[in-house]
Amino acid sequence: MMIESNELEPMVQPPREMSASIRSLRELIETASGRAVKAHLDQEDSGRAEILPFPFLALVGQIEMKLALLLALINPNVGGVLLIGPRGTGKTTAIRGLVDLLPDVPRSLCYYGCMPEDIEIGGIDAVCPDCARKYALNEPMAALDRVRLVELPLNAQLNDVVGGIDERAAIHERIRLRRGILAQADKNLLHVDEVNLLADEVVDAILDASAQGAYTIRRGPMAATYRSQFALIGSMNPEEGNLRPQIFDRFGLRIVVRGLTNVDERLEAYKRTAAYLSGPRKLIGYYEADTKLVKQEIQSARDTVTKVIIPEEISSLALEIIRALQIDSLRAEITLFEAAKAYAAMDGRQEVCAEDLRVVTPMAVRMRRSIFMNQYFAERIKEEEEISQTITTIIHPKNQEKKHETL
Ligand SMILES: [Zn+2]
């Protein structure tokens, strides 16, 4: 999706006026992102750039990447997003900007992350003594908090990821289990960078927890089950190594992120980066009204996505595409259907149409086709035919002759 060149002229309208005429979330993203920003090179609050994320809507171009990330926020059933591309193409910037687009979530006030629903599910022993006391006194165990981006450290070990024995508690009292990164990611976003470089056991643990929304760890006689409902976003640079096909398959949407090819877009991207570096608050303020609007739209799409239906003629089209592309994995259609529902919800509709398929199918099916497997199956089919032919020839040669005679 190219941005019209006239949208790259310096800003003439304040963001608020633009917002009023925008119909859908997608339109909002395209319009806000396509609008040019004048670089203000004053020194307002510089040095705080790391804390304040670059506004998601200020990213130039990369429409498909932005769409995929939003679809994953709207519908957790799409099964996460994998961003594939070289460094410096805005992958991490886009992911970090997502936190401003998500509504607040209830968050535990305790070190162990106990939540009221833990008691509902597992009884009073499911929380720490402190929280059990709070519960008995009817004191709050959780408070509303903004969604966080949990970034998996590059050298993460399995124990960091799933949790383990808590040495801090073991000194004072009975041995307790410590929550891992996956439990901390509950109700948050989990970004796994360089997913292709992680140990297999770590990636497997992340994908299992993400798919099931909970996981259990066992350490000696102790076991604990933790909630792990998060939007999973992986990123990788293919120059640094491949991802095993079975891991690849488990990511729902796949986006190939290339650098911007249009020189005007590149110049605009530079201007916005310069504006951000010299005064992040000013740039954030510029996109504030639209960011708020997108946040509301995401919330309403999240509320309605489970009601979206796919008419039979539309699902047949999708399955026909997958068959024609010779894709085996059932995850292709699961992702495709769920992404199409999210896309329809994003557009304020409760029924998927053919146009939704056109937009989301590439993200759901690309890189799922295996030339190796297709050749392998073709050879197997040929072999089966030869076997069956041979059996017929040797066991029932007379039948075959008879058949020929009657013909
Ligand atoms: Zn607690």
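The values are calculated or read from the model by the stated rules, or taken from the named source; none is laboratory data. Source: prediction; values computed, not measured. Note that we place each Cβ from the backbone using ideal geometry, even for glycine, and neighbour counts take in every protein chain shown.
If you go through region 54-69 and pick out every residue that is surrounded by fewer than 24 Cβ atoms within 10 Å (Cβ to Cβ) and either under 20 Å from residue 187 (Cα atoms) or acidic (Asp, Glu) (or both), you end up with 1.
Taken as a whole, the condition of being aromatic (Phe, Trp, Tyr), more than 15 Å from the ligand (Cβ to nearest atom) and out of contact with any Pro (no Cβ under 9 Å at 6 or more places or on another chain) applies to residue 215. Do we find that residue 154 is modelled with pLDDT of 85 or more and among the hydrophobic types (A, V, I, L, M, F, W, C) in this structure? Against the criterion (modelled with pLDDT of 85 or more and among the hydrophobic types (A, V, I, L, M, F, W, C)), residue 154 does not qualify.
How many residues are farther than 24 Å from residue 219 by Cβ, more than 10 Å from the ligand (Cβ to nearest atom) and assigned to a loop (DSSP other than H, G, I, E, B) when one looks only at region 117-160? Selection size over region 117-160: 8. Here residue 85 does not qualify as modelled with pLDDT under 90, over 13 Å from the mean Cα position of the chain (by Cα) and not aromatic (Phe, Trp, Tyr).
Residues that are buried (at least 22 other Cβ atoms within 10 Å of the Cβ), assigned to a loop (DSSP other than H, G, I, E, B) and of a type outside the set (Ser, Thr, Tyr) do occur in region 227-238, at least one of them.
So, residue 263, is that one surrounded by fewer than 21 Cβ atoms within 10 Å (Cβ to Cβ) and either in contact with a Ser or Thr (Cβ under 6 Å, 6 or more places away or on another chain) or of a type in the set (D, E, K, R) (or both) or not? Considered against the rule, which asks whether it is surrounded by fewer than 21 Cβ atoms within 10 Å (Cβ to Cβ) and either in contact with a Ser or Thr (Cβ under 6 Å, 6 or more places away or on another chain) or of a type in the set (D, E, K, R) (or both), residue 263 comes out as no. Taken over region 338-373, the residue count meeting the criterion of being among the aromatic types (Phe, Trp, Tyr) and surrounded by 23 or more Cβ atoms within 10 Å (Cβ to Cβ) is 1. Which condition number in (1) more than 24 Å from residue 241 (Cβ to Cβ); (2) more than 16 Å from the ligand (Cβ to nearest atom) is the one that residue 81 fails? Failing condition for residue 81: (1). Being within 11 Å of the ligand (Cβ to nearest atom), among the aromatic types (Phe, Trp, Tyr) and at pLDDT below 85 is a description that applies to residue 112.
Among the conditions (1) surrounded by fewer than 20 Cβ atoms within 10 Å (Cβ to Cβ); (2) among the β-branched types (Val, Ile, Thr); (3) in a helix (DSSP H, G or I), the only one that residue 216 does not satisfy is (3). Scanning region 78-116 for residues that are in a helix (DSSP H, G or I) and either free of Cβ contacts under 8 Å to residues at least 12 places away in the same chain or within 28 Å of residue 292 (Cβ to Cβ) (or both) yields 78, 91, 92, 93, 94, 95, 96, 97, 98, 99, 100, 101.
Output the residue which, of all residues in region 189-206 that are of a type in the set (A, V, I, L, M) and within 13 Å of residue 158 (Cβ to Cβ), is surrounded by the fewest Cβ atoms within 10 Å (Cβ to Cβ). Looking at the filtered set, the residue picked out is 199. Any chance region 302-314 includes a residue that's over 21 Å from residue 75 (Cα atoms) and at pLDDT below 90? Within region 302-314, not a single residue is over 21 Å from residue 75 (Cα atoms) and at pLDDT below 90.
Among the residues examined, residue 231 does not qualify as out of contact with any strand residue (DSSP E or B) (no Cβ under 9 Å at 6 or more places or on another chain) and under 25 Å from residue 59 (Cα atoms).
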